[in-house]
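**Student:** Below are the structure tokens for one structure; questions will follow.
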């Protein structure tokens, strides 16, 4: 029984971490067709912004806000000055975002060195809660709740607001959105910043759990790509479900066969590509 409880809570917390990392990646690709491979580095810098905010303020909530807002602003600048000039040239955009991985990672090493910086969770999130025979760390429960709350908020934003309607229309029918007079460029800018802010928030939430260090982004980008491939390119809901699938699969495999944890993600991704190339929840994009 205790093994089942541990798998449920630990698998869920890992799934929510995957979701926070991948949802913005999926949103950006779905609307803009930009595979931002530097998304993992945005996650990393979200960790560092959160760390700095916590060091100077000691406030946990300001730490989360700093991670999201700092990377959101970075995303605004990146889209306006780097991505936009290469509009329509997807090959160069991919090369650019690959190059940014090295730039952002090296800047992190220059600024912070190669050591890992840890942040203690606030007192009310320290310790554990007893669930049956198992003690579950409070911070893992917080990660689960945070992921679910962000999923609900983003779903309401995309489904119930004018901005969400424009974003969804831009994903499905970009030419129609432009034809009715909506400034698609501004939509792209907002969406790119929002996607990056989600990565920054994910990094901020991960700091007390994983720490902040230069290679954390490159370690996690594979998981983000896997989630988007399995869930379906541009499908926000698909990213959530795929995060659950991959998070539980990776934790279960790592529990019994630690050396095969990453292989499980790769196998699931390859099976989905083979039998459903558009992803489990994706479809052909309409023009």
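Values quoted throughout were computed directly from the atomic coordinates according to the rules given, and no laboratory measurement underlies them. Bear in mind that the values here come from a model prediction, so they are computed numbers and not experimental data. Because the Cβ atoms are built from the backbone with ideal geometry, glycine has one as well, and the counts that use them run over all protein chains shown.
**Student:** If I take R0 = 30 Å and measure r between the Cβ atoms of residue 256 and residue 219 in this structure, what FRET efficiency does the formula 1/(1 + (r/R0)^6) give, to the nearest 0.05? If you can, show how the numbers build up before the last one.
**Tutor:** Working: r = 22 Å, r/R0 = 0.73.
Computed FRET efficiency for residue 256 and residue 219 comes out at 0.85.
**Student:** Between residue 156 and residue 180, what FRET efficiency follows from the Cβ-Cβ distance if R0 is 22 Å, with the result rounded to 0.05?
**Tutor:** Numbers: r = 24 Å, r/R0 = 1.08.
Result of the calculation: an efficiency of 0.40.
**Student:** When the helices in the chain are scored as -39500 (n - 2.57) per DSSP H run of 4 or longer and the sum is shared across all residues, what 222 nm value do you end up with, to the nearest 500 deg cm²/dmol?
**Tutor:** Details: 11 runs with 211 residues, N = 287.
Helices in the chain give a 222 nm mean residue ellipticity of -25000 deg cm²/dmol.
**Student:** How large is the convex hull of the C-alpha atoms of the range 130-210 per residue, in Å³? Intermediate values should be presented prior to the final figure.
**Tutor:** Details: hull volume 8.4 nm³, N = 81.
Convex hull volume per residue, Cα atoms: 103 Å³.
**Student:** Compute the distribution of all C-alpha to C-alpha distances in the range 152-265, in bins of 5 Å from 0, and list the percent of pairs in each, rounded to whole numbers.
**Tutor:** Here the calculated profile for the range 152-265 is 2, 10, 15, 20, 19, 13, 9, 6, 4, 2, 0, 0.
**Student:** Looking at the calculated P(r) for the range 92-135, what percent of the C-alpha pair distances fall above 18 Å?
**Tutor:** Numbers: 582 of 946 pairs.
Percentage above 18 Å: 62.
**Student:** Could I ask something else about it? What is the Å³ per residue value for the convex hull set by the Cα atoms of the range 1-142?
**Tutor:** Values: hull volume 18.8 nm³, N = 142.
Looking at the range 1-142, the number lands at 132 Å³ per residue.
**Student:** Could you list the square roots of 5 times each eigenvalue of the Cα gyration tensor of the chain, that is, the equivalent ellipsoid semi-axes, sorted largest first and rounded to whole Å? Don't skip to the answer; put the middle values down first.
**Tutor:** Numbers: eigenvalues 176, 105, 66 Å².
Ellipsoid half-lengths, sorted descending, are 30, 23, 18 Å.
**Student:** Mean separation of Cα pairs under 8 Å and 6+ residues apart, divided by the residue count of the chain: what relative contact order is that in percent?
**Tutor:** Numbers: 463 pairs, mean separation 106.3, N = 287.
In percent, rounded to a whole number, it is 37.
**Student:** Could you give me the percent of Cα pairs per 10 Å distance bin for the range 87-240, shortest bin first, beginning at zero and ending with the bin that holds the maximum distance?
**Tutor:** 8, 28, 33, 22, 8, 1, 0
**Student:** How big is the shadow of the Cα convex hull of the range 42-98, averaged over all directions, in nm²?
**Tutor:** Details: hull surface 16.1 nm².
Spelled out: convex hull of the Cα atoms, projected over all directions, averaged, 4.0 nm².
**Student:** Remind me, relative contact order of the range 170-258 in percent, using alpha carbon pairs under 8 angstrom and six or more residues apart?
**Tutor:** Details: 27 pairs, mean separation 11.8, N = 89.
Relative contact order comes out at 13 percent.
**Student:** Would you mind checking the tilt of helix 216-231 against the longest principal axis of the Cα atoms of the chain, expressed as 0 to 90 degrees and rounded to 10?
**Tutor:** For helix 216-231, the angle is close to 70 degrees.
**Student:** Another one. Would you report the distance distribution of C-alpha pairs in the range 1-48 as whole percents per 5 angstrom bin, up to the bin with the largest distance?
**Tutor:** 5, 19, 19, 19, 13, 10, 9, 5, 2, 0
**Student:** Sorting check: for 272-278, 28-34, which peptide has the highest mean count of neighbouring beta carbons within 10 Å, and how do the rest follow?
**Tutor:** Values: 272-278: 13.1, 28-34: 23.6.
Going by the mean number of other Cβ atoms within 10 Å, highest first, we get 28-34, 272-278.
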